[in-house]
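**Q** I'd like to ask you about the structure that follows.
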Amino acid sequence: MTSSLLSADEARQRILGAVQPLGEREWIELRMALGRVTAEDVRSTLNIPPYANSAMDGYALAAGDLPVSGTRELRVVGTAYAGRPYSETPQAGECVRIMTGALLPAGADTVVMQEQVWRNGEAVSIGAGHKRGQHVRAAGEDIAAGQVAVPAGKRLTPADLGLLASLGIEKVSAVRRPRVAIFSTGDELRSLGETLKPGEIYDSNRYTVHGMLSRLDTAVHDLGVVRDQREAVRNAVRQASHAADVVISSGGASVGDTDFIKQTLEELGQVDFWQVAMKPGKPLAFGKVGSALFFGLPGNPVSVMATFYQFVQPALRRLMGESVALPLMIKVVCSGPLKKAPGRTEFQRGRVESDANGNLVVHSTGDQGSGILTSMSRANCFIVLPAERSNVEAGSLVDIQLFDGLI
Ligand code: AMP
Ligand code: MG
């Protein structure tokens, strides 16, 4: 049980160091596997493409029949369609009319585009300048049989689904979805459908967290709003940690009179309370309750999203066996000045766009208070300002992290 000042990078490293990937896996029908993480390498049992075929509509021939200079006339002896091959063997001086995707006839190794020949009845004239093997897709040029098509630890994209389908694969072995229990703490919080009394607000954190968890394809167990009472917090933590691989709370984690998260976790788990040198989102609790990982996020809505993005996201990715890379940083020009005091890493909210010259420019989304959720809603990236940096002048370079579909 410690309280210490950590950099955001140190905090992420410590968290990743404490996460063991889930071992369990399940077979998932391909169409349902979007966003799931592969549990093992998927190797191809086929060559893709399975056979040499034409990349163009034109004429298939043996390169030996191409003229070195002038033109040459070849006899057209048949047609090869996609799915309906030409099954005989053309002789020297013969060619076959061929459509895109059709199997190359025996002996043919080159295709001449139909726009580049002169057709005269049953013959075509072909000029010089063509190359052996042109417009032919070789068998196995995309993937050879035996090669890894999709590695273990890959979150499947629509492109992956297509790739796996092209291999005839109907089901993939995916890491099981982590179960994540969430709750909010606060006497001022009301759920949707309830009426607000003076001094009350609607709980927004469960909606942002639920949304981000859905994007990461986890199974969410929503325990609702928990009152600022010792017994209520204790019950919620107990129930959550029994049901889930990961527990995420928001609010109640600082040192206010009604902040019961800390003492509850001292009783029920091994959780450290960190002061992370970042803004927004200074207080962060991380550790274990039983076998569940526990994240105690701050209460302020923007802090919740920033700490989720920086810490919970990489932890969940590792838990699901995904190979976790550091968030991609991109240097872009900042359109206006930004206020920043040295000391903490700031994750300001920005909108990156391309300017009239096609260069990337980031604009601040306005008021950067940790309660101003519109600053997140309008943004598509964090502007990451390192701890030591002070005010940013208009036109200077800053680093951004794209939300990349998570937020
Ligand atoms: P706390 O960390 O509990 O002191 O909360 C810090 C600030 O965040 C307070 O203004 C709370 O009202 C607000 N807050 C806490 N939880 C939520 C929530 N679930 N939804 C919206 N605002 C919240
Ligand atoms: Mg509170």
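**Q** Please pick out the residue among Gly211, Gly193, Gly224 that is within 16 Å of ligand 1 (Cβ to nearest atom), assigned to a loop (DSSP other than H, G, I, E, B) and closer than 23 Å to Ile372 by Cα.
**A** Residue meeting the stated conditions: Gly193.
**Q** Which of the following residues is surrounded by 23 or more Cβ atoms within 10 Å (Cβ to Cβ) and more than 16 Å from ligand 1 (Cβ to nearest atom): Gly299, Gly350, Gly290?
**A** Only one candidate passes the filter, namely Gly350.
**Q** Inside the range 362-407, can you point out the residues that are in contact with a strand residue (DSSP E or B) (Cβ under 7 Å, 6 or more places away or on another chain), polar (S, T, N, Q), surrounded by 14 or more Cβ atoms within 10 Å (Cβ to Cβ) and assigned to a loop (DSSP other than H, G, I, E, B)?
**A** Thr365, Gln368, Asn380
**Q** Of all residues in the range 316-331, count the ones that are surrounded by fewer than 21 Cβ atoms within 10 Å (Cβ to Cβ) and either aliphatic (A, V, I, L, M) or assigned to a helix (DSSP H, G or I) (or both).
**A** Residues flagged as surrounded by fewer than 21 Cβ atoms within 10 Å (Cβ to Cβ) and either aliphatic (A, V, I, L, M) or assigned to a helix (DSSP H, G or I) (or both) within the range 316-331 amount to 8.
**Q** Go through the residues of the range 328-344 one by one and say whether even a single one is in contact with a Ser or Thr (Cβ under 7 Å, 6 or more places away or on another chain) and either within 16 Å of ligand 1 (Cβ to nearest atom) or of a type in the set (S, T, N, Q) (or both).
**A** So the first thing to find is which residues in the range 328-344 are in contact with a Ser or Thr (Cβ under 7 Å, 6 or more places away or on another chain), and the list is 334, 336, 338, 340-342.
Still in the running and either within 16 Å of ligand 1 (Cβ to nearest atom) or of a type in the set (S, T, N, Q) (or both): none.
Scanning the range 328-344, I find no residue that is in contact with a Ser or Thr (Cβ under 7 Å, 6 or more places away or on another chain) and either within 16 Å of ligand 1 (Cβ to nearest atom) or of a type in the set (S, T, N, Q) (or both), so the answer is no.
**Q** Hey, another quick one. Scan the range 22-44 for residues that are surrounded by 14 or more Cβ atoms within 10 Å (Cβ to Cβ) and part of a loop (DSSP other than H, G, I, E, B) and jot them down.
**A** Correct list: Leu22, Leu34, Gly35, Arg36, Ala39, Glu40, Asp41, Ser44.
**Q** Can you list residue pairs whose Cβ atoms sit under 9 Å apart, with the first residue in the range 178-190 being more than 10 Å from ligand 1 (Cβ to nearest atom) and the second being of a type in the set (Ser, Thr, Tyr) and in a loop (DSSP other than H, G, I, E, B)? Count only pairs 6 or more apart in sequence or on different chains.
**A** So the pair list comes out as Pro178/Thr218; Arg179/Thr218; Val180/Thr218.
**Q** Hey, does the range 289-296 have a residue that's in the same structural domain as Gln239 (by TED's automatic domain parsing), in a loop (DSSP other than H, G, I, E, B) and within 30 Å of Arg177 (Cβ to Cβ)?
**A** To start, the set of residues in the range 289-296 that are in the same structural domain as Gln239 (by TED's automatic domain parsing) comprises 289-296.
Restricting the remaining residues to those that are in a loop (DSSP other than H, G, I, E, B) gives 290-291.
Within this subset, residues satisfying the condition of being within 30 Å of Arg177 (Cβ to Cβ) are 290-291.
The answer is yes, given that some residue of the range 289-296 is in the same structural domain as Gln239 (by TED's automatic domain parsing), in a loop (DSSP other than H, G, I, E, B) and within 30 Å of Arg177 (Cβ to Cβ).
**Q** Return yes when Val312 is of a type outside the set (Gly, Ala, Ser), within 16 Å of ligand 2 (Cβ to nearest atom) and part of a helix (DSSP H, G or I) and no when it is not.
**A** no
**Q** Same structure again: Answer with yes or no whether Arg351 is outside any loop (DSSP other than H, G, I, E, B), basic (Lys, Arg) and touching a Lys or Arg at 6+ places or on another chain (Cβ under 9 Å).
**A** Against the criterion (outside any loop (DSSP other than H, G, I, E, B), basic (Lys, Arg) and touching a Lys or Arg at 6+ places or on another chain (Cβ under 9 Å)), Arg351 qualifies.
**Q** Among the residues that make up the range 146-167, is at least one of them in contact with a helix residue (DSSP H, G or I) (Cβ under 9 Å, 6 or more places away or on another chain), outside any loop (DSSP other than H, G, I, E, B), outside the structural domain of Arg43 (by TED's automatic domain parsing) and not charged (D, E, K, R)?
**A** no
**Q** Oh, and also: Any idea which of (1) outside any strand (DSSP E or B); (2) surrounded by 15 or more Cβ atoms within 10 Å (Cβ to Cβ); (3) modelled with pLDDT under 95 is the one Gln239 doesn't satisfy?
**A** In the conditions (1) outside any strand (DSSP E or B); (2) surrounded by 15 or more Cβ atoms within 10 Å (Cβ to Cβ); (3) modelled with pLDDT under 95, Gln239 misses (3) alone.
**Q** Among the residues of the range 242-264 satisfying the criterion of being in a helix (DSSP H, G or I) and touching a helix residue (DSSP H, G or I) at 6+ places or on another chain (Cβ under 7 Å), which is nearest to ligand 1 (Cβ to nearest atom)?
**A** Ile261
**Q** If the requirement is being farther than 30 Å from Leu22 by Cβ and within 16 Å of ligand 2 (Cβ to nearest atom), which of these qualifies: Val233, Val255? Can you show your working first?
**A** Working: Val233 fails: farther than 30 Å from Leu22 by Cβ.
When all the criteria are applied, what remains is Val255.
**Q** Still on this structure: Determine, yes or no, whether Glu194 is at pLDDT 95 or above, out of contact with any helix residue (DSSP H, G or I) (no Cβ under 6 Å at 6 or more places or on another chain) and within 16 Å of ligand 2 (Cβ to nearest atom). Walk me through it before giving the result.
**A** Details: at pLDDT 95 or above: yes; out of contact with any helix residue (DSSP H, G or I) (no Cβ under 6 Å at 6 or more places or on another chain): yes; within 16 Å of ligand 2 (Cβ to nearest atom): no.
It is false that Glu194 is at pLDDT 95 or above, out of contact with any helix residue (DSSP H, G or I) (no Cβ under 6 Å at 6 or more places or on another chain) and within 16 Å of ligand 2 (Cβ to nearest atom).
The values are calculated or read from the model by the stated rules, or taken from the named source; none is laboratory data. Values in this document were obtained by computation on a predicted structure and should not be read as measured data. Virtual Cβ from ideal backbone geometry, glycine too; neighbours counted across all protein chains shown.
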